[in-house]
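Bear in mind that the values in this text are calculations on the coordinates, not laboratory data. Quick caveat: nothing in here was measured; it's all calculated off a predicted structure. Note that each Cβ is placed from the backbone with ideal geometry, even for glycine, and that neighbours are counted across all protein chains shown.
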Amino acid sequence: MKFSNFLGLIKVLSTANTIGKILLTSGAETYRVEEAITLVCRRFDLKSESFVTMTCVLTSAKKKDGEVITEVNRIYSVSNNLNKIDRIHKILLDIHKYEIDDLEKEIKKLQIQTVYKKKVLLISYCFSAAFFSLLFDGKFRDFLVAGVGGVLIFYMAYFANKLKLNNFFINTLGGFLVTIFSSFATKLGIVSTPSYSAIGTLMLLVPGLALTNAIRDLINGDLLAGTSRSIEAALVGSALAIGTGFALFTMSYF
């Protein structure tokens, strides 16, 4: 399907950029985002070039008459949503079956889709933290304390995102609250050491996906994106260390 009118070209470019934005904000690698945008534009006979960083998705496309149209989408937050990445991957595998209007409707439905309810996420936080403590050789009481710590992290992250706090502050606060909570549990005699329950809960905040994507981007030759993700992972790790260290320093006075 070829587009000769300007509005049709804009719709294709906007849809392609929206797909790229969803992928990037869901935790996809930058090279995957660029390939997805190029694939969508090529499907509708539009020659395009895209440039993706951690903070924006920029795509330029050339019309038949040589005129260039460009769209930029700013990225304000990145999360982990592998389900959305998988859904878009399936759409792209069958991209030849979609017309632009059908593709646009499918992407809009995906944007507003809620994958998991709040209760499911709360239970996931609880059991993830609890089983991480067992993974690090914790006991049953560490399991229980880490589970409660996971609930604490869930509500902390929930309200922090509502207030639109930056990730560095959220992770610093998370490291502080988790360590304080585990230390108080130790003072009360619930657990013998705060280490297992604290580290089990802190694993919820460790930027594993960001670090993995950084390595994949660097290997793929996307040095800017790979370096940005590496710095992001290092900052998150530093924030957790600062929060944990401050909590241990505070508890030394009790």
Which residue, ASN80, GLY149, LEU134, has the largest displacement toward the positive end of the dipole of the chain when charges sit on each Cβ (Lys, Arg +1; Asp, Glu -1)? GLY149
Order of 30-42, 152-164 by packing, highest average Cβ count within 10 Å first? 30-42, 152-164
Using the eigenvalues of the Cα gyration tensor, what equivalent ellipsoid semi-axes result for region 176-224 when each is taken as the square root of five times the eigenvalue, whole Å, largest first? 37, 8, 5
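Hey, what did region 185-254 get for relative contact order, percent, Cα under 8 Å, at least 6 apart? Don't skip to the answer; put the middle values down first.
On the way: 37 pairs, mean separation 16.6, N = 70.
It rounds to 24 percent for region 185-254.
Could you give the dipole magnitude of the chain about its Cα centre, charging the beta-carbon of Lys and Arg +1 and that of Asp and Glu -1, in debye to the nearest 20?
Details: 28 positive and 20 negative charges, 129 e Å.
The calculation lands at about 620 debye.
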Considering only TYR125, TYR196, TYR116, give the residue with the highest GNM mean-square fluctuation for the chain, with springs between Cα atoms whenever their separation is below 10 Å. TYR116
Taking the 0 to 90 degree range and rounding to the nearest ten, how far is the long axis of helix 223-251 tilted relative to the main principal axis of the chain, both from C-alpha atoms? 20 degrees
Gyration tensor (alpha-carbon) shape descriptor, region 1-112, a/c threshold 1.5: oblate
Roughly speaking, what is the centre-to-centre gap between region 83-123 and region 147-212 when only Cα atoms are used, to the nearest Å? 31 Å
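Using Cα pairs under 8 angstrom and six or more residues apart, how large is the relative contact order of region 115-254, in percent?
Values: 193 pairs, mean separation 40.5, N = 140.
Rounded, it is 29 percent for region 115-254.
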Cβ charges +1 (Lys, Arg) and -1 (Asp, Glu), total dipole of region 78-141, debye: 520 debye
Specify which labelled value, from (1) 1.05; (2) 1.38; (3) 1.22, agrees with Cα Rg over 2.2 N^0.38 Å derived from the coordinates of the model shown. (3)
Helix-only mean residue ellipticity at 222 nm for the chain, each DSSP H run of n ≥ 4 adding -39500 (n - 2.57), per residue, nearest 500: -22500 deg cm²/dmol
Below 8 Å between Cα atoms, with a sequence gap of 6+, how large is the relative contact order for the chain in percent? 18 percent
